[in-house]
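Take a look at the structure set out below.
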Amino acid sequence: MSLAQRDRLAHVDLRLQFFGEVRRGDLVGRFEIQTAAATRDLSAYREMAPENMTLDGGTRAYRRTDRFQPLFDHSASRVLAWLTEGAGDAAPARGRSLVPSASAIAPQAIRLDVLGALTRAMHQGQIVRITYRSLTSGLTTREVAPLALANDGHRWHIRAYDRRSMAFRDFVIARIADAEASPSVRHDHEALDQDAQWQRLVDLEFVPHPANIQHPDTIEAEFGMEAGVLEVRVRAAVAGYLLRRMNVDCSIDHRLRGPEYHLWLRNRPMLVGVENLSLAPGYGGE
C-alpha cells in the first residue's frame, strides 16, 4: 500500500468514526482523485475491515456499522484539529470547521516569512539575525541559532541559542519583527544537544487538589488517572508553561485556593533545577 493510499484509507476511517458515513465524493473532493480511484479505495477499505461499513443502496453512502473498530490510530489532538479547523481536509486558506466549534485562544500575528526563516535555519543548522520585541529590552537585534519549536498552550515559541545573552532561551515568534539568514557559522555549543534544560526530562505527578476538589473521582476520570495519579513527562525547558497552563498548585502544602486549581503537584522536588519556575503557581515564596 502506498503512503498516498494509506492517507485516503485513514480518511475513510475518520469519516466513518466521527460522521458515521463516507461517500466517494468525500475522497474525490479531499484528494482530487477520480471517481474510479475513490471506488477502489472504498473497496480496499472494505476488504481490510469488512465489518466496519455497509453500503446504503438508496444514498450510495457507506454507513458505519455497530461493529465498527477503527482501522487506524487517530490521536485526539489531530482529530480535533481536523474537526474544528478542517486541518488536512481542505486548502489551508479555507480554514473551515467541520462541526460547530469555538475557541478561547486568541490568534497570534505570526508572519509566515519569519517562521520560514526560523525553520529553514533549524533544518540547515544556520544562524539567523532577528529583530525582537522584548518586554524588558524593547526592540533589539540579535543573532540566534533556532533549535526547536515550543507551544505553551497559548503562544508559539522558538527555542534558540541567543548570542546576546549567551544562553538558550525561548522567543515568542509573534514578537519577532524580522528574521534573515546570517553568514555566521553555528558553533557546537549552540546545538540543541547542549541545551541542558531541553535535554532534561522531568517526571511530574499530578493528583486531585486535596483542598479544592470535593469529588476527586471526577478529576481522575477527566485526566485518565491511574490509582489517582496523572504522570506527565515533560522537558524541563517547558515545564513551567505546562504547570501554568494546567493551573497546577506547586506549593508544598497545597495552599492555593480557587476553582481554577484542580491539581496539586505531589512530587515537588522533581522541579529542582528547572529554570522557568516563576511560571509555576505556588512554587515560590515559601
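Please verify whether residue 146 is assigned by TED's automatic domain parsing to the domain that holds residue 266 and touching a helix residue (DSSP H, G or I) at 6+ places or on another chain (Cβ under 7 Å), treating the condition exactly as stated. Talk me through it step by step, then tell me what you get.
Values: assigned by TED's automatic domain parsing to the domain that holds residue 266: no; touching a helix residue (DSSP H, G or I) at 6+ places or on another chain (Cβ under 7 Å): yes.
So residue 146 does not fit the description; no.
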Given the conditions (1) touching a residue at least 24 places away in the same chain (Cβ under 8 Å); (2) closer than 25 Å to residue 234 by Cβ, every one holds for residue 114 apart from (2)
With respect to residue 81, determine if the residue is in contact (Cβ under 8 Å) with a residue 12 or more places away in the chain and either out of contact with any helix residue (DSSP H, G or I) (no Cβ under 9 Å at 6 or more places or on another chain) or part of a helix (DSSP H, G or I) (or both). no
Pick from 162, 152: which is more than 21 Å from the chain's Cα centre (by Cα) and under 28 Å from residue 106 (Cα atoms)? 162
Taking the criterion of being at positive phi and among the aliphatic types (A, V, I, L, M), would at least one residue in segment 226-233 satisfy it? yes
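The values are calculated or read from the model by the stated rules, or taken from the named source; none is laboratory data. Owing to the predicted nature of the structure, the values given are computational and were not obtained by experimental measurement. Note that we place each Cβ from the backbone using ideal geometry, even for glycine, and neighbour counts take in every protein chain shown.
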